[in-house]
Amino acid sequence: MLSGFDGLRFNHWHTELREDGVAVLSLDRKDSPVNAMSQDVLLELGDIIERLAIDPPKGVVVRSTKAAGFIAGADLKEFQEFDRRGTVNDAIRRGQSVYQKLAELPCPTVAAIHGHCLGGGTELALACRYRVASNDPSTRIGLPETQLGIFPGWGGSSRLPQLVGAPAAMDMMLTGRTLSASAARAIGLVDKVAAPAVLLDAAVALVQTGVTRPFKQRATAWATNTFLARKILAPQMAKQVARKAKKDQYPAPYALISTWVRTGGSPIQKRLDAERRAVVKLASSPTARNLIRIFFLTERLKGLGGKDSGIKHVHVVGAGVMGGDIAAWAAYKGFTVTLQDREQRFIDPAMTRAQALFDKKVRDESKRPEVAARLKADLAGDGVAQADLVIEAIIENPEAKRELYQTLEPKMKADALLTTNTSSIPLVELRDHIQRPAQFAGLHYFNPVAQMPLVEIIHHDGMAAETEKRLAAFCKALGKFPVPVAGTPGFLVNRVLFPYMLEAATAYAEGIPGPVIDKAAVKFGMPMGPIELLDTVGLDVAAGVGKELAPFLGLQIPAALATVEPNKRGKKDGQGIYKWENGRAVKPEVAKDYQAPSDLEDRLILPLLNEAVACLHDGVVADADLLDAGVIFGTGFAPFRGGPIQHIRATGVDVLVEKLKTLQARHGDRFAPRPGWDMPELREPVA
């Protein structure tokens with residue numbers, strides 16, 4: 001117990017005065033597996049710092065006793081509550097005040113960082129004079145607040161540019177990218193890197209000896225924050241941001257740049273005041289509220305499965321683009337994988353693609369052979385007998401799939417799971433003759449597998465709850481978000497996406513240029529336009545899904561999808577609706593005087609919203625939150641809008657139903673409001 005703390009007990013902090021006069025403050029947040037900077041934690045730290053200021057020790061080390069890491073950031077549930085109460089300003093001012101008092105202590109201060117160090121945790125480290133980080137691969141340091149619609153508000157955006165220079169600091173904050181210990185040291189964010197076992201010793205040594213930063217780092221930090229540098233660099237930064245985010249949709253990066261430009265050369269208190277005012281304004285924006293809500297949706301999805309799936313060996317049947325990439329990703333993530341197809345010539349391209357993935361993802365070349373060895377070509381299918389999970393990824397033909405299952409099941413282990421990667425076939429059509437339907441499910445990935453974060457777990461009424469739980473844990477181990485959905489045609493994502501893509505194809509058939517259609521969707525906030533998306537997934541794939549879904553949804557398929565030429569299937573052939581070169585669509589020029597129809601955006605987006613309502617009404621997913629999560633992570637639906645259901649709530653049910661009726665009168669009954677628009681869930685207040 002530190003001198004001056006006798007008789008005082010803290011819930012979250014442990015204080016110790018070493019014999020060498022160095023005070024060690026250890027954070028161990030009560031009743032929590034990780035450290036998050038709640039107001040209670042912050043207030044206790046403030047009390048400790050006030051006492052340290054009265055009788056300063058020879059130095060202070062701040063560390064975490066949690067195995068998971070240093071500090072994961074601010075407590076976002078509290079942040080949401082402050083937003084509801086309108087007290088965000090007070091909360092930010094309090095955090096800034098405590099951290100500034102830490103920065104003003106008259107003795108050396110060191111943050112000893114291991115594991116995750118994010119947001120408010122990184123800001124606390126920045127308030128210390130020095131930082132030492134563990135060289136363990138789990139150590140990641142970052143300021144990801146722009147991904148939540150705000151930017152660092154407890155001094156992070158004020159201190160980091162002054163420490164490491166504006167270019168490196170702004171890149172970290174604008175992208176939300178995290179750094180390893182060595183990368184953080186390279187830019188001057190971390191002063192020393194140490195082995196985990198000697199992290200505390202290294203921190204104490206840093207207190208005792210200090211360190212002088214290289215002249216080049218100090219010069220860069222000063223030069224890039226001058227008035228002239230800010231005026232030159234800011235437009236370049238804004239231009240970079242604009243390539244990925246529009247100001248009216250994602251205002252936080254632009255507000256960060258603007259605040260830095262105005263106050264980057266000012267005294268610390270002026271910088272903190274400007275930081276606080278900007279973050280308070282952003283916190284009440286719909287974008288921030290929706291992005292924070294999405295963060296909690298991801299946490300919910302991660303929690304759907306247990307810690308252990310019981311799956312170690314995965315056998316994939318079908319080495320096409322989807323099957324081969326599923327196999328490669330599973331091997332990259334640590335599973336033993338066998339890949340089977342009818343002929344070796346089908347397997348070889350998948351193995352080549354897999355090696356390209358490993359070369360890209362595994363930065364340490366010495367570890368690539370070990371990763372590659374986990375994926376084995378298996379023409380004979382010998383891996384079926386050893387597999388804990390079998391994934392079927394053959395053609396979208398119910399009869400072919402059923403025939404395959406009859407040959408697979410007798411060879412499988414008693415507790416092994418059998419799954420299909422079908423994109424649209426109802427599971428009731430596939431489970432006939434399945435010997436163990438309780439262990440059969442759909443596991444629907446999205447293309448490209450390495451990039452798309454969602455996997456739909458398709459269930460049916462004969463599936464065991466344990467099967468869903470194991471598959472959810474497996475998805476988590478893959479770094480994917482699982483969303484359980486009913487096994488009806490199209491499941492969730494394709495059912496919601498299909499009317500949107502079909503309407504785009506219809507508009508194109510009417511003569512509206514593809515680039516105009518794409519521009520309208522991107523303006524709404526979609527990651528790419530629907531015409532480009534059709535080419536990307538493949539016109540043949542879209543046609544196959546259409547054959548399954550169009551009758552179910554009562555929709556007509558336009559000629560562009562009804563007949564697909566063999567060598568003009570889209571991106572994979574270099575030619576579809578667009579021509580493709582070097583993986584990019586070459587879009588034709590549109591006459592400058594061309595005027596897009598005024599209802600084009602509504603024609604594209606409202607069918608998607610309409611079908612989302614129908615899915616919720618039909619119980620395709622358990623609730624509105626899961627629907628929003630599935631559509632956001634499965635289609636890229638404008639995250640700043642919070643998902644289809646959240647967008648409906650924000651826009652208003654009555655407004656959207658009236659628009660649907662207008663489109664119905666103008667374009668036909670495919671726009672008729674689907675069942676479910678009267679559900680109370682659509683009129684809940686926006687969070």
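Figures for the structure shown
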item	result
Pairs beyond 32 Å (Cα-Cα), from Lys244/Lys592; Lys367/Lys519; Lys239/Lys281; Lys246/Lys333; Lys101/Lys247	Lys367/Lys519; Lys246/Lys333; Lys101/Lys247
Highest average packing first - 306-318, 627-639, 192-204, 9-21, Cβ atoms within 10 Å	627-639, 306-318, 192-204, 9-21
Contact order normalised by residue count of the stretch 13-284, Cα under 8 Å, 6+ apart, percent	18
Summed residue charge, Cβ within 14 Å of Lys58's Cβ, Lys/Arg positive, Asp/Glu negative	-2
Within the chain, helix-based [θ] at 222 nm, where runs of 4 or more DSSP H residues each add -39,500 (n - 2.57), nearest 500	-15000 deg cm²/dmol
Most to least packed among 653-665, 169-181, 113-125, 94-106 [average Cβ atoms within 10 Å]	113-125, 169-181, 94-106, 653-665
Dimensions (Å) - the stretch 313-489, Cα atoms, principal axes, largest first	47, 32, 27
Ordering of 282-294, 218-230 by burial proxy (mean other Cβ atoms within 10 Å per residue, highest first)	282-294, 218-230
Förster-model FRET efficiency, 35 Å R0, Gln208 and Ile232, C-beta, rounded to 0.05	0.30
Residues in the stretch 256-284 that a label on Phe295 would reach, taking backbone N under 16 Å of a point 7 Å out along Cα→Cβ	279-284
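Laboratory data are not the source of any read-out in this text; all were calculated from the coordinates shown. A quick note: this is a predicted structure, and the numbers were derived from the prediction, not measured. Methodologically, a virtual Cβ is constructed for each residue, glycine included, from the backbone with ideal geometry; neighbour enumeration extends over all protein chains shown.
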